[in-house]
1. Ignoring any ligand, DNA or RNA, what whole percent of the accessible area of the chain comes from carbon and sulfur when the probe is 1.4 angstrom?
2. Between Rg and the Kirkwood Rh of region 360-463, both from Cα atoms, what is the Rg to Rh ratio?
3. With every protein chain left in place, what is the accessible area of residue 422 in Å² (1.4 Å probe, nearest 10)?
4. Charges only on Cβ, +1 for Lys and Arg, -1 for Asp and Glu: so what's the dipole of region 295-345 about the Cα centre, in debye to the nearest 20?
5. Sequence neighbours fewer than 8 away in the same chain don't count; with that in mind, list the lysines whose C-alpha is under 29 Å from residue 129.
6. Looking at region 396-454, which trypsin sites (Lys or Arg not before Pro) are in a loop (DSSP not H, G, I, E or B) and have at most 12 other Cβ atoms within 10 Å?
7. Putting +1 on Lys and Arg Cβ atoms and -1 on Asp and Glu Cβ atoms, find which of 235, 4, 343 reaches farthest to the positive end of the dipole of the chain.
8. Using a 1.4 angstrom probe with every protein chain in place, what is the largest-first accessible-area order of 372, 663?
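The values are calculated or read from the model by the stated rules, or taken from the named source; none is laboratory data. Just so it is clear, the model here is predicted, and its values are computed rather than measured. Because the Cβ atoms are built from the backbone with ideal geometry, glycine has one as well, and the counts that use them run over all protein chains shown. All accessible areas refer to the heavy atoms of the entire protein, side chains included, with ligands and DNA or RNA removed. Shrake-Rupley method; radii C 1.70, N 1.55, O 1.52, S 1.80 Å.
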Amino acid sequence: MLENLNEKQREAVLTTDGALLVLAGAGTGKTRVLTTRIAYILNNQMAMPWQVMALTFTNKAANEMKARLATFSDGAWYPGDIWCGTFHSICLRILRSNAERAGLRRDFLIYGEDDQKTVIKSLISAATKTPGDYVDEFSSIKDKGLVALQNKDKLFNAYNAELARLNAVDFGDIILKVLELFDKNPDILARYQNQFRYILVDEFQDTNNAQMELLALLTRGIENPNICCVGDDDQSIYSWRGAEIKHILNFNKTFTDAKIIRLEENYRSTANILNAANSLIRHNQGRLGKDLHATANDGRGEPVYVLTLPGDRDEARIIADAILRDDTNDFSKYALLIRAGSLSRIFEEEFAMRGIPYRLIGATKFYDRMEIRDAIAYLRLLVYPFDDISFLRVIAKPRRGFGDKAISTLRAAGTNLMNGLHNATLAPKLRAAANEFLKAFDFDWNLMSPADAAKTLLDRVGYIKMWSESKDADASDRIANIRELITSVISKYDTLPEFLEQAALMMTDDNDDADDTQSKNTVSIMTIHAAKGLEFDTVFLPAWEEGIFPNDKAINEGAIEEERRLAYVAITRARSRCIISNAMSRMVFGSRQYNSPSRFITEMDNKYLDFQGGAPRAYYTPHNTYNNVPRSYDAPRKKVEKKIESAVGKLVSHNELGAGVVIEDNGAILTIAFKSKGIKKVAREFVTFQ
């Protein structure tokens, strides 16, 4: 079991007593360490499988961990007995077992974002914010844990009361209600503390406050708890989702006498790629510190290429040219990682025109497709007839004539809308539609396989027929997706309730569309956030320009360190070749911008970079923040014999931006106050001096 581990990996596996933080850099084998550590504990009978809790952030990571654990057991223990899953799936398991003590019915529903919006719409008549804004706000409150519940917002309280009436919880409640359960019921907390002798956490840098409170409660009062957290402070890039980097930075303060082990041997990338990334991330102050080094015995590898191009069209063309020069036709080797999804359009157009197959990762996910959510709503209503939100979603698909007035009648006639449909006095045409709808649900689904029950229901309610007769261009695709749901997804489960519970968790999983990025022969286009955990032979990193990466918000709010961590993640996705590019001119949201190159380019050590595209190193002038930072790796500048006169104060004109005056001269880049377009950064070669 330990043979294939390096020295630090082996130390992390064998350190089984007390608190342990494993700082695992990109490509250093953290999953191998986690799974081997669990197997080592079980094979040496330090705990039984059900006494081990392994927490992940995505279903994909949990499934990968379970699959690896299965290779270690040799029949001595069953991997399925380990409490291995996402924070939410583990907490949901605890809630189901203690529903009454948590103030819930055992058959409570889990509402996703669409359901939450529907609930909020029913509570607000007029508001300055959208239901989606309220969903984000309420989720943020719940992710902050118990302390945040002191919030006295009337709508927040009304929303939670309506969830209780509907016998539902939202995604944020799943962890929060376990925290409340443990806080109010010391006996239940003690039971789980006694059960879990070992707690392991993957991607620890991504924990939010509620998740950290859960870990604190499970280890509270235990001297030297056996908790092992694996993460990388240099890859903490999800603060916008509530992740708090302070949890990993303060680990040894939270768990006194904790041991820290650094995994720095990278099995993915070449030395030049890693050294460029190391030299960049060293500019961050908020980090525990480590340096990745390559284990591949192939020399230093190619340098990180930096390309400067006149415009964004040139950038797309050059990248397409580079891909087409590969005679192997293996497009899966390539990935295009962008800071924002809006940057993909020009590359999609170029790739389509040049016949390059591509896949846009992070487009509409399977569980986000309308027809999939409709089908799941029908199944929820079959299993849980009291589910008013699902009723409202499907009653008009296909149309049955139930408008707002009819829905009000149903509400008044029963304890829930389905019950009201039985009891309400309706006009003859509506009563006939109601009876037909009710009859479609009148079969014993418990006696059928989940897949057969799903197909039967969707046929009986006319949903599949609705799409079969639809004139929509994508109707056939929607039918194909429904068939995929039934035959490939639902068929894997033993019961419909089991499927519905997992579907609710999958709807909130950010990685369900990135499982097979390299199983298709396509170039992958995705945001850098979506690429975390993935790797490719060649990675293109376009639009590394000030205002785009780092973006304006990060610059204005002083959040540069997280942007720099994002750049670090982007570079370390590359195995063999990394190409960074920037354009002197770029169309952004219908407006042409002239941005200077990203400061992240200037922060990397020159000796690992190869500048191409006609721009000398001098073009990448350091930004004011770093002008006074001594950098030993910069080559000494040659003496300039003739001083170039500053352009500050001179009048200039530009073909698109009009007339203006230079307010800052930074060599190749001028900052100009234009009469009609405001202050812009423009390459000197694009203006005419008057």
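1. 48 percent
2. Answer for region 360-463: 1.01.
3. Accessible area of residue 422: about 110 Å².
4. 240 debye
5. 117, 121, 142, 144, 152, 154, 177, 365, 397, 405, 553
6. 399
7. 343
8. Solvent-accessible surface, decreasing: 663, 372.
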